[in-house]
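This report refers to the structure that appears directly beneath it.
The values are calculated or read from the model by the stated rules, or taken from the named source; none is laboratory data. Being a predicted model, the structure only gives us computed values, none of them experimental. Methodologically, a virtual Cβ is constructed for each residue, glycine included, from the backbone with ideal geometry; neighbour enumeration extends over all protein chains shown.
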Amino acid sequence: MRKKIGFTLLLGLICIGLFVWIGYKVKTMLNGNSLISLSITQNSEIEETPIEISKIQRIGEWEFLSIKTEELVDSIKKGFFFDDHMACIYQGTLSLGINMETFNEQWILAQKADSISLLLPPITLLDQDFINEAKTNVFIEEGTWTEKEKEELYQKARKRMQQRACSQENRTIAEKHASAQISHLLRTMGFTKIHLSFRKE
Amino acid sequence: MKRLHILVIGVFALSAICGCRQTSQKQETETSVKIDSTALVLRLQQCSKIYSSEYKIHKIVTNKDVLKLEGNVINHKVDIPIPNSSRKIAIPIDITIKGYTDMSQLDSRNILTEGKKITVILPDPKFAVTSVKIDRKNIIKSADLIRSAYLEQEINQFVKKGEQSVYKNLPWDEFIKTARSNAAHTLFPILQDLGFEEIHIQNRDDLNAQEAEKSKLLFKNIENR
């Protein structure tokens with residue numbers, strides 16, 4: 001009986017040794033690569049699709065202040081077991097300036113020889129679409145979110161950015177800079193006495 | 001004999017567990033996401049730019065994703081798609097690019113007046129991406145049972161790639177022409193109102209072929225605000 005157990009143990013040890021030796025040999029044959037290396041991959045590349053230039057139009061926007069801003073917005077949906085939470089950081093650049101399409105015939109109040117008096121349109125936000133969604137950083141995304149809910153987050157960020165950027169303080173900065181820039185241009189054109197004012201909204 | 005079997009099976013199981021642990025650790029490091037700082041910034045920049053052209057570009061960014069088993073089995077390349085593991089998405093995006101003239105570059109060398117005659121030499125137009133918007137109402141997506149839905153982070157990555165591919169394929173030469181012509185059209189009535197009777201608006205025409213090519217390359221490097 002003892003002989004039988006001893007023989008079985010010896011055979012087992014020989015088998016393990018042989019197995020390890022074969023494994024080692026195969027590994028060295030494959031120059032360090034493992035015998036089986038498999039992984040599950042997925043495709044994160046986009047496909048080539050055509051682009052469509054849907055509109056080309058002439059505009060007249062004179063920008064005097066550019067405000068680059070970020071906005072962190074988040075939303076929580078109460079669930080039965082867990083709450084869904086989403087937080088995104090949106091990025092956008094808002095332009096404050098004069099929409100030249102609002103220039104009316106009375107924008108030149110008086111003009112005589114080298115003196116001029118102008119009434120300029122008010123400083124406004126030039127474009128309502130200013131967020132670059134390609135730069136959005138999704139900070140937290142837990143649970144399921146519909147496209148409508150995501151759009152609401154975007155609109156929330158847009159509104160907040162707009163409120164912050166279109167402050168009276170920023171409008172004043174833009175007005176001052178507009179005055180300086182337009183005066184400089186008019187001086188280059190030969191005007192020496194310049195008076196500028198802005199129409200109230 | 002039974003013990004021998006148990007021993008051999010044990011050795012196999014141990015080696016298999018070790019192997020599995022190694023791959024899962026590898027996967028973890030590959031999929032770890034780097035999160036940037038969340039500090040909110042607000043930067044003000046005084047400028048004087050006349051935006052005279054607006055280009056609205058529409059593109060549908062698509063992705064087809066099928067899980068694949070890839071790798072090597074004894075020096076043989078393996079690339080097997082896993083059945084019923086696909087997901088697809090089509091994201092319509094709208095990009096707004098605007099062509100502008102930097103008026104702060106204008107000085108006495110660019111503006112020449114002679115009585116009621118004025119000559120303005122405009123600097124080269126530049127371009128800025130002012131907005132990238134996902135048309136969320138029209139997003140189409142589907143995923144097989146074993147796949148998770150596309151995350152918002154993934155959608156943003158596709159949009160970013162789509163935005164980059166748009167820049168490469170736009171007819172920039174045409175854009176430069178329209179931007180130049182529109183800048184002149186925008187300035188013309190203003191100069192007229194200021195009392196000038198003879199108005200000449202010129203663009204830089206002193207570019208030789210080599211400089212023009214260089215200049216064209218600069219246009220391609222558009223301002224991504």
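Some values worked out for this structure:
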quantity	calculated
Residues within the range A:172-185 that are farther than 14 Å from A:SER66 by Cα and within 8 Å of chain B (Cβ to nearest Cβ), tallied	2
Complete set of residues in the range A:51-99 that are more than 7 Å from every other protein chain (Cβ to nearest Cβ), without any contact (Cβ under 8 Å) to a residue 60 or more places away in the chain and closer than 30 Å to A:LEU120 by Cα	A:SER95, A:ASN99
Flag for B:ILE17 being at pLDDT 50 or above, surrounded by fewer than 16 Cβ atoms within 10 Å (Cβ to Cβ) and more than 7 Å from chain A (Cβ to nearest Cβ)	no
Looking only at the range A:100-112, and only at residues there that are among the hydrophobic types (A, V, I, L, M, F, W, C) and facing another protein chain (nearest Cβ under 10 Å), the one that is farthest from A:THR69 (Cα to Cα)	A:ILE108
Residue check, A:ILE182 in the same structural domain as A:SER66 (by TED's automatic domain parsing), crowded, with 16+ Cβ neighbours inside 10 Å, over 17 Å from the mean Cα position of the chain (by Cα) and not in a helix (DSSP H, G or I)	no
Given (1) within 10 Å of another protein chain (Cβ to nearest Cβ); (2) in contact (Cβ under 8 Å) with a residue 24 or more places away in the chain; (3) acidic (Asp, Glu), index of the condition B:ASP124 fails	(1)
Which listed residue, of B:LYS49, B:LYS56, is within 30 Å of A:ILE131 (Cα to Cα), within 7 Å of another protein chain (Cβ to nearest Cβ) and modelled with pLDDT under 95	B:LYS49
Yes/no for A:ILE46 being touching a strand residue (DSSP E or B) at 6+ places or on another chain (Cβ under 6 Å), surrounded by 20 or more Cβ atoms within 10 Å (Cβ to Cβ) and not assigned by TED's automatic domain parsing to the domain that holds A:THR192	yes
Number of the exception - B:GLN164 against (1) facing chain A (nearest Cβ under 10 Å); (2) outside any strand (DSSP E or B); (3) more than 14 Å from the chain's Cα centre (by Cα)	(3)
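Residue-wise test of (1) facing chain B (nearest Cβ under 7 Å); (2) acidic (Asp, Glu); (3) over 15 Å from A:GLU71 (Cβ atoms); (4) over 17 Å from the mean Cα position of the chain (by Cα).
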position: A:ILE123; (1), (2), (3), (4): no, no, yes, yes
position: A:ILE131; (1), (2), (3), (4): yes, no, no, no
position: A:VAL138; (1), (2), (3), (4): yes, no, no, no
position: A:GLU141; (1), (2), (3), (4): yes, yes, yes, no
position: A:LEU153; (1), (2), (3), (4): no, no, no, no
